[in-house]
Structure formats: structure tokens, C-alpha cells
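Peer 1: First the structure, then my questions, so here it is.
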Amino acid sequence: MKLYVEPDGESEPTACDCCGNESKTVWGYIYNGNNALAAYFVQWTKNKKEHYPNFDFLLGTWSDDSINDKKLISFIYNATQGDNGSFMAIDGSERPASCSELCNVALSAEEVRNDKEIMNIAAEMIDAVWLGDPRIEDIRNFNKNA
């Protein structure tokens, strides 16, 4: 599957509650051909890789508003793991997107890890956002600026 992203919006920067650094959220859509596969949200605190940026995906049917089948799949990016960092599934129920009327179910980390198909799609979505959204350059550079 060849996925690509369409960046859409971003929040106004806010001050992180614990460190005061600028926090930001960007979002967009992930496409497989002409079909939207998922919406994505990336949230991080600038210059604070230990705050673990969040990558949230609402995966489901986007072409028909009458179908509410969207699953929230959430990950953190740990830039402190190795030279390139690593992604880890987390419980989607603890993410703001789980409260959206668009979200039908928020998957737990265990549900994501135990579903090979979901993990394969998630890996492709992470790659698409990682490589395709220029707004997350700050995150991609966490280990370069260490």
C-alpha cells in the first residue's frame, strides 16, 4: 500500500504545563490512492524529546459520514531510544482524540500490538506522516540536536 499525507491544520502554540516550552499539535489526512484512510494528529513540545511526541490516528471510513467505524490508534515517539528513536503503542483512551464524536473506539496498546493487520497499517501510517509532513521537522531533528 502506498500512502501519502495531506497536511491540514495546526493549533496555536501553547506553553507546556511542566516546562513552559512551546507545545504544538498538527493534523491532516492519510490517503491510499484517492481514498482517505485516516486522520492523524501529532502533538509535541519543542526541544523536549523526553516529553515523547504523540501520534494519533483515526482509522476508518472517511468517504461516508453515515459510517462511524473509526478506531483510534495511538503511539508515542521515544527519541531517547537509540540513534533513530522508536515508536510505542499506547492506550488511545487517554488521548484527546478519544473524546471526539468521530471516534467509535479507542484501542488499547495491547489491542494494537496483538493485531498484526493494525500494526502493519500503523507502521505504514507512521512512515507516511514521518516522511510526508514537513511540520514535524522539529521531532525528526530531536536526535540531531542532542
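The values are calculated or read from the model by the stated rules, or taken from the named source; none is laboratory data. Everything quoted here is computed from the prediction, not taken from an experiment. Counting neighbours? That spans all protein chains shown, and the Cβs are built from the backbone with ideal geometry, glycine included.
Peer 1: Return the total of residues in segment 1-35 being of a type in the set (A, V, I, L, M) and surrounded by fewer than 17 Cβ atoms within 10 Å (Cβ to Cβ).
Peer 2: 2
Peer 1: Does segment 34-54 contain any residue that is over 27 Å from Glu12 (Cα atoms) and over 15 Å from the mean Cα position of the chain (by Cα)?
Peer 2: Within segment 34-54 (the criterion being over 27 Å from Glu12 (Cα atoms) and over 15 Å from the mean Cα position of the chain (by Cα)), the answer is yes, since at least one residue qualifies.
Peer 1: Does any residue of segment 85-105 turn out to be within 22 Å of Glu12 (Cα to Cα), aliphatic (A, V, I, L, M) and either in contact with a helix residue (DSSP H, G or I) (Cβ under 6 Å, 6 or more places away or on another chain) or assigned to a strand (DSSP E or B) (or both)?
Peer 2: no
Peer 1: Among the candidates Ile126, Ile118, Ile90, single out the residue that is surrounded by 14 or more Cβ atoms within 10 Å (Cβ to Cβ), without any contact (Cβ under 8 Å) to a residue 60 or more places away in the chain and either small (Gly, Ala, Ser) or more than 19 Å from Glu50 (Cβ to Cβ) (or both).
Peer 2: Result: Ile118 is the single residue among Ile126, Ile118, Ile90 that is surrounded by 14 or more Cβ atoms within 10 Å (Cβ to Cβ), without any contact (Cβ under 8 Å) to a residue 60 or more places away in the chain and either small (Gly, Ala, Ser) or more than 19 Å from Glu50 (Cβ to Cβ) (or both).
Peer 1: Given (1) polar (S, T, N, Q); (2) surrounded by fewer than 18 Cβ atoms within 10 Å (Cβ to Cβ); (3) in contact with a strand residue (DSSP E or B) (Cβ under 7 Å, 6 or more places away or on another chain), identify the lone condition not met by Ser108.
Peer 2: Of the numbered conditions (1) polar (S, T, N, Q); (2) surrounded by fewer than 18 Cβ atoms within 10 Å (Cβ to Cβ); (3) in contact with a strand residue (DSSP E or B) (Cβ under 7 Å, 6 or more places away or on another chain), the odd one out for Ser108 is (3).
Peer 1: Between residues in segment 1-18 that are in a strand (DSSP E or B) and at pLDDT 90 or above and residues that are basic (Lys, Arg) and surrounded by 10 or more Cβ atoms within 10 Å (Cβ to Cβ), which pairs lie under 8 Å by C-beta distance while being six or more apart or on different chains?
Peer 2: Partner pairs satisfying both residue conditions: Pro7/Arg135; Glu10/Lys24; Glu10/Arg135.
Peer 1: Considering only residues of segment 60-82 that are β-branched (Val, Ile, Thr) and assigned to a strand (DSSP E or B), which is surrounded by the most Cβ atoms within 10 Å (Cβ to Cβ)?
Peer 2: Among them, the one singled out is Ile73.
Peer 1: Also, quick follow-up: Taking interchain pairs and intrachain pairs at least six residues apart, which have beta carbon atoms under 7 angstrom, with the first residue in segment 56-82 and within 26 Å of Arg140 (Cβ to Cβ) and the second among the charged types (D, E, K, R) and surrounded by fewer than 16 Cβ atoms within 10 Å (Cβ to Cβ)?
Peer 2: Here the result reads Thr80/Glu50, each pair linking segment 56-82 to a residue that is among the charged types (D, E, K, R) and surrounded by fewer than 16 Cβ atoms within 10 Å (Cβ to Cβ).
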